[in-house]
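The values are calculated or read from the model by the stated rules, or taken from the named source; none is laboratory data. Since we're looking at a predicted model, the values are computed, not measured. Cβ sites come from the backbone with ideal geometry, for glycine too, and all protein chains shown count toward neighbours.
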């Protein structure tokens, strides 16, 4: 198992979900770019959303900094 893959967990669950076309494209692009599995990409997305929601619950904002140093607030609806 590579460093980028999540370790096995005794409480894993298998889900069958329908992914919308734009998400399918993004998952494919991320798999190709990162050399990881679709499951890894989807797990990372879920973990990232969980982290973002935990931070938002604390009243924190999600910001991105461009190459010139300007900050922009990210709104997830």
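General remarks:
- Residue 49 under 16 Å from the mean Cα position of the chain (by Cα), outside any helix (DSSP H, G or I) and modelled with pLDDT under 95: no
- Every residue from the range 15-38 that is touching a residue at least 24 places away in the same chain (Cβ under 8 Å) and either surrounded by 14 or more Cβ atoms within 10 Å (Cβ to Cβ) or part of a helix (DSSP H, G or I) (or both): 34, 36, 37
- Exclusive hit being out of contact with any strand residue (DSSP E or B) (no Cβ under 6 Å at 6 or more places or on another chain) and at pLDDT 95 or above, set 12, 67: 67
- Of all residues in the range 58-76, those that are within 19 Å of residue 46 (Cα to Cα) have Cβ atoms under 6 Å from Cβ atoms of residues that are outside any strand (DSSP E or B), 6 or more apart or on another chain, in 62/52.
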